[in-house]
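Asks: First, the structure itself, so that you have it in front of you.
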Amino acid sequence: MEICGNASRGEYHNSLSALKRIIPVVGGGEATALLSEVAQGICGCHQSEGFWLTGEAIKLDADQLALLKQCAEQTSAHFQAEQPLILVALLEQPDLPPYMVRIINGVGVLFAHPTHFQRHILTHELTHAIAATGHHFLDESLAHYAESEIADQPGVTELSAIEILSLLQNTGISAFQDLPPQKVNHCYQQGAALIHWLARQTSTSMVYQFYCDYHLVTANTSVHKAIESFFGVEISQLDRSDVTHSRHADRCVEQAAKLLNEYYFSGRLNEIDDHVNTLMQRANTLTLPQQLALIRGLFSRTCYCQNSTDQDRATVLALAARYLEQQDNEDATTFSITIIIACLKMSTAASYIEIQELATQINQRFDQGLHCYPNDGELNLMKAKSLHDTPEAQGGDKNLAKSFFTKASEDTEFGQCIRLLIARYQEEA
């Protein structure tokens, strides 16, 4: 953010100039007041973990900032969007609801209390910053969809075309203000299920593009007609039984991916087969996070199960290659996937020279990945297991492995599972 950057350097004249340019976009309210104080140097401002912090937000601890960063990375990656630029300010009272003031898509001001730093809440608010239309029901639908897909929050399994058509007419928040909280949540979950359905018919990137192009595609037509035209669907299809069945199947896939990740990181490899099979049945329609879970499960089965076949290995390599092709922005998983590919190739290497080349490649990817993402749980865990399981004569080091196990156990998403795996290693020792 230009205002924050200039203010942090004491260039308040430039900050005020930038503020004048965005006031017509932001309008009045708390965000404008806060940005004005930042621009004038009344509120301090500095950058941490890719976010601008002002006021009491500067006191957020490392775990809270790490969770915020992880949620931002996962949410933007899910929609294949740029990571948002966020200014964070703290609310004084925990009973005040958190909220995001979007300036433009990809830029926003987050107001939240430290108690709001939970995965589903941050995912919800960051979604508002990444993509919003000003159509209240659509924006809440996307945010609740993100909660369900990224933060594992429950959602509805059945959709009503009549109810969706009615809800799409509610452009403002006023239609929901007098409803009981349970009814409001049901409405938003209906919207989330609609977004899920649209994403399954097309893609999450297509959903993101619709939100970016909202004002253009709805300029001369109703919202529901714009949706049908943009995605090539008929909302009346939502009442068909096969759609409800598809949604149930989608939930099974989501649950299988969730459990696969838990079993992979906790070392419960004897429990992965059913969930691997569930995902393999839908391999061509999986989201990127679901593909990643499947790759982890298949890799584990290939490496640690005695009855694994060459076909299993070929399947993992093909899925891993496809994952890398679809991953537009390099992140920590890019490194872990390339390491998995090299490990599988090493197991069938035909010569000592090829093995040495692959070992060098693996070490380089570990060094690069841990340099860029020193707190990533999966990379630290893979490095720890490599050092622990490799004989000392071949470069293994159980003492050094301990530091990587410790770092891996601090992962905000899978740390609890990783700690279970570490306990297993300690029991075996």
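Asks: Within the set of pairs 6 or more residues apart or between chains, which connect a residue that is assigned by TED's automatic domain parsing to the domain that holds residue 70 inside the stretch 283-297 to a residue that is modelled with pLDDT of 90 or more and not hydrophobic (A, V, I, L, M, F, W, C) with Cβ atoms less than 6 Å apart?
Replies: That search, which allows pairs on different chains as well, returns nothing.
Asks: Name the residue that is surrounded by the most Cβ atoms within 10 Å (Cβ to Cβ), counting only residues in the stretch 272-288 that are of a type in the set (S, T, N, Q) and farther than 23 Å from residue 328 by Cα.
Replies: For the stretch 272-288, the residue satisfying everything is 278.
Asks: Name every residue in the stretch 391-426 that is among the β-branched types (Val, Ile, Thr) and loosely packed, with under 15 Cβ neighbours inside 10 Å, in order of residue number.
Replies: Hit for the stretch 391-426 is 406, nothing else.
Asks: Looking at the structure I just gave you, is residue 147 under 24 Å from residue 198 (Cα atoms) and either surrounded by fewer than 20 Cβ atoms within 10 Å (Cβ to Cβ) or out of contact with any helix residue (DSSP H, G or I) (no Cβ under 7 Å at 6 or more places or on another chain) (or both)?
Replies: No; evaluated as a whole, the condition is false for this residue.
Asks: How many residues does the stretch 407-429 hold that are under 21 Å from residue 269 (Cα atoms) and among the β-branched types (Val, Ile, Thr)? Walk me through it before giving the result.
Replies: Within the stretch 407-429, the subset under 21 Å from residue 269 (Cα atoms) is 408-409, 411, 413-429.
Adding the requirement that they be among the β-branched types (Val, Ile, Thr) leaves 418, 422.
Residues flagged as under 21 Å from residue 269 (Cα atoms) and among the β-branched types (Val, Ile, Thr) within the stretch 407-429 amount to 2.
Asks: Just to be sure I understand, how many residues within the stretch 46-77 are charged (D, E, K, R), modelled with pLDDT of 70 or more and either touching a strand residue (DSSP E or B) at 6+ places or on another chain (Cβ under 7 Å) or farther than 22 Å from residue 334 by Cβ (or both)?
Replies: 3
Asks: Out of the stretch 345-399, which residues are charged (D, E, K, R) and farther than 20 Å from residue 264 by Cβ?
Replies: 345, 354, 357, 367, 392, 397, 398 - these are the residues of the stretch 345-399 that are charged (D, E, K, R) and farther than 20 Å from residue 264 by Cβ.
Asks: Restricted to the stretch 161-215, and to residues that are among the acidic types (Asp, Glu) and part of a loop (DSSP other than H, G, I, E, B), which residue is modelled with the highest pLDDT?
Replies: 213
Asks: Taking residue 336 as meeting all but one of (1) buried (at least 19 other Cβ atoms within 10 Å of the Cβ); (2) in the same structural domain as residue 426 (by TED's automatic domain parsing), write down the number of the exception.
Replies: Unmet for residue 336, out of (1) buried (at least 19 other Cβ atoms within 10 Å of the Cβ); (2) in the same structural domain as residue 426 (by TED's automatic domain parsing): (2).
Asks: Confirm whether residue 137 is modelled with pLDDT of 90 or more and either hydroxyl-bearing (Ser, Thr, Tyr) or surrounded by 20 or more Cβ atoms within 10 Å (Cβ to Cβ) (or both).
Replies: When the stated conditions are applied, residue 137 passes them.
Asks: Suppose we keep only residues that are within 23 Å of residue 287 (Cα to Cα) and either acidic (Asp, Glu) or surrounded by fewer than 23 Cβ atoms within 10 Å (Cβ to Cβ) (or both) within the stretch 82-104. Which one would you say is farthest from the chain's Cα centre (by Cα)?
Replies: 82
Asks: Criterion first (outside any loop (DSSP other than H, G, I, E, B) and at pLDDT below 85) does residue 156 satisfy it?
Replies: On the way: outside any loop (DSSP other than H, G, I, E, B): no; at pLDDT below 85: yes.
Judged against the criteria, residue 156 is not a match.
The values are calculated or read from the model by the stated rules, or taken from the named source; none is laboratory data. What you are looking at is a predicted structure, and each value in this text was computed from that prediction instead of being measured. We place every Cβ from the backbone using ideal geometry, glycine too, and count neighbours over all the protein chains shown.
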